[in-house]
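The values are calculated or read from the model by the stated rules, or taken from the named source; none is laboratory data. Quantities reported herein were computed from a predicted structural model and do not represent experimental measurements. Here the Cβ positions follow ideal geometry from the backbone for every residue, glycine too, while neighbour counts run over all protein chains shown. Ligands, DNA and RNA are excluded from the accessible area calculation, which covers all protein heavy atoms including side chains. Shrake-Rupley method; radii C 1.70, N 1.55, O 1.52, S 1.80 Å.
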Amino acid sequence: MKIDEHITGKIKNARKGFALTGAGISAPSGIPTFRGPNGFWKDKDPFSPKSFRENPQLVWHWHEEMREMMRKAKPNPAHYALTEIQNSFDDFAIITQNIDNLHQEAGSKNVIELHGNIYRNKCNECGKKFGEIRSGEIPKCDECGGLIRPDVVWYGEIIPLYALQKARELVEDCEICLIIGTSGMVQPAASFPLLARENGAYTLEINKEETVITNYLDDSLFGDVSEILPELSKTLL
Ligand code: NAD
């Protein structure tokens, strides 16, 4: 499907919406997707509370590696175009499953991080929040002495409740939902566009290939996000 008047009309006529983004939007920045061909995540999956309990130093080290890899990445044209699209709305949020901070670096506001942020940390015991820590050794909390861990959501953990609450509010009251570079296989995020559609929103997916939710959405644009989103943004000017 091409970007046609039907699609641009739907977007231009909407006032309120959100985008759900996944690892695919950061792939053109050089950050491999979870299930992609690059083996970056292979020896590291899954991060879980169990793996942290069993070998906290190793899990800390993996995150250090990941942070270094993400630090080198810069926002790509898809991130910038999404910021432009966001600015063309009265009210538009970005719900991301990414932890790489690239939406914020591209100037996007109102970014809801479902899976946390690789540059933040928290105490595994008391929950005290910490900013970025660069240390080869796993640090300890100055409050309670507990181990400090990255403030990201691991396999088997629940999404931060404030993020879930915000996402629910958006799903219940929006006119448009863009689903960008996500496989639709990670819950609860994958259910947001489906619920938004049930509530009357127009749903448009942008992905390099069909996903498990393609057939449940209004329209899909297949191709590279870093080409499609700038094109889409241009047609909205
Ligand atoms: P995923 O890896 O399961 O899926 C990525 C999707 O993006 C796929 O559907 C793929 O077809 C699509 N895609 C890849 N490159 C693309 C491109 N250039 N243009 C268009 N589409 C493209 O990712 P997910 O669904 O986001 O879930 C994996 C989990 O792993 C997430 O929850 C996330 O927290 C984590 N993760 C985060 C990052 C990051 O922060 N950048 C990277 C990898 C994984």
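Hey, Tyr162 hits all of (1) within 13 Å of the ligand (Cβ to nearest atom); (2) under 22 Å from Gln86 (Cβ atoms); (3) of a type in the set (Phe, Trp, Tyr) but one; which does it fall short on?
(1)
What number of residues within segment 121-158 are part of a loop (DSSP other than H, G, I, E, B), within 13 Å of the ligand (Cβ to nearest atom) and among the β-branched types (Val, Ile, Thr)?
Looking only at that region, the number is 1.
Among the residues of segment 79-124, how many are over 20 Å from Ala189 (Cα atoms) and aliphatic (A, V, I, L, M)?
3
This table checks each residue for (1) more than 23 Å from Leu221 (Cβ to Cβ); (2) outside the structural domain of Asn55 (by TED's automatic domain parsing).
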{"position": "Glu105", "(1), (2)": "yes, yes"}
{"position": "Asn110", "(1), (2)": "yes, yes"}
{"position": "Cys126", "(1), (2)": "yes, no"}
{"position": "Ser135", "(1), (2)": "yes, no"}
{"position": "Gly145", "(1), (2)": "yes, no"}
{"position": "Cys174", "(1), (2)": "no, yes"}
{"position": "Cys177", "(1), (2)": "no, yes"}
{"position": "Thr182", "(1), (2)": "no, yes"}
{"position": "Pro193", "(1), (2)": "no, yes"}
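Here is a list: Thr83, Thr33. Which entry is surrounded by 14 or more Cβ atoms within 10 Å (Cβ to Cβ) and modelled with pLDDT under 95?
Among Thr83, Thr33, only Thr33 is surrounded by 14 or more Cβ atoms within 10 Å (Cβ to Cβ) and modelled with pLDDT under 95.
Filter segment 209-222 down to residues that are surrounded by 15 or more Cβ atoms within 10 Å (Cβ to Cβ), within 16 Å of the ligand (Cβ to nearest atom) and in a loop (DSSP other than H, G, I, E, B), then give me how many there are.
Going through segment 209-222, the residues surrounded by 15 or more Cβ atoms within 10 Å (Cβ to Cβ) turn out to be 211, 213-214, 216-221.
Checking the rest, the ones that are also within 16 Å of the ligand (Cβ to nearest atom) come to 211, 213-214, 216-217, 219-221.
After this cut, where a residue has to be in a loop (DSSP other than H, G, I, E, B) as well, the list is 211, 213, 217.
Adding up the residues that qualify gives 3.
In segment 118-129, is there at least one residue being in contact (Cβ under 8 Å) with a residue 40 or more places away in the chain and over 20 Å from the mean Cα position of the chain (by Cα)?
The answer is yes, given that some residue of segment 118-129 is in contact (Cβ under 8 Å) with a residue 40 or more places away in the chain and over 20 Å from the mean Cα position of the chain (by Cα).
Based on this model, can you work out whether Ile118 counts as open to solvent by less than 10 Å² (accessible area, probe 1.4 Å) and part of a strand (DSSP E or B)?
So Ile118 fits the description; yes.
Would you confirm whether any residue within segment 189-204 is open to solvent by less than 60 Å² (accessible area, probe 1.4 Å), within 28 Å of Ile228 (Cα to Cα), in contact (Cβ under 8 Å) with a residue 60 or more places away in the chain and assigned to a loop (DSSP other than H, G, I, E, B)?
yes
Identify all residues within segment 58-74 that are under 22 Å from Ile25 (Cβ atoms), aliphatic (A, V, I, L, M) and assigned to a helix (DSSP H, G or I); write none if there are none.
Answer for segment 58-74, where residues must be under 22 Å from Ile25 (Cβ atoms), aliphatic (A, V, I, L, M) and assigned to a helix (DSSP H, G or I): Met66, Met69, Met70.
From (1) open to solvent by less than 20 Å² (accessible area, probe 1.4 Å); (2) within 14 Å of the chain's Cα centre (by Cα); (3) within 23 Å of Met66 (Cβ to Cβ), pick out the condition that doesn't hold for Ser183.
(1)
Does Asn110 satisfy the criteria of being modelled with pLDDT of 95 or more, open to solvent by 40 Å² or more (accessible area, probe 1.4 Å), in contact with a Gly (Cβ under 8 Å, 6 or more places away or on another chain) and away from the ligand (no atom under 16 Å from the Cβ)?
Here the answer is no, as Asn110 does not meet what is asked.
Could you tell me which residue of segment 193-208 is farthest from the chain's Cα centre (by Cα), considering only residues that are of a type in the set (D, E, K, R) and within 13 Å of the ligand (Cβ to nearest atom)?
Selected residue: Lys208.
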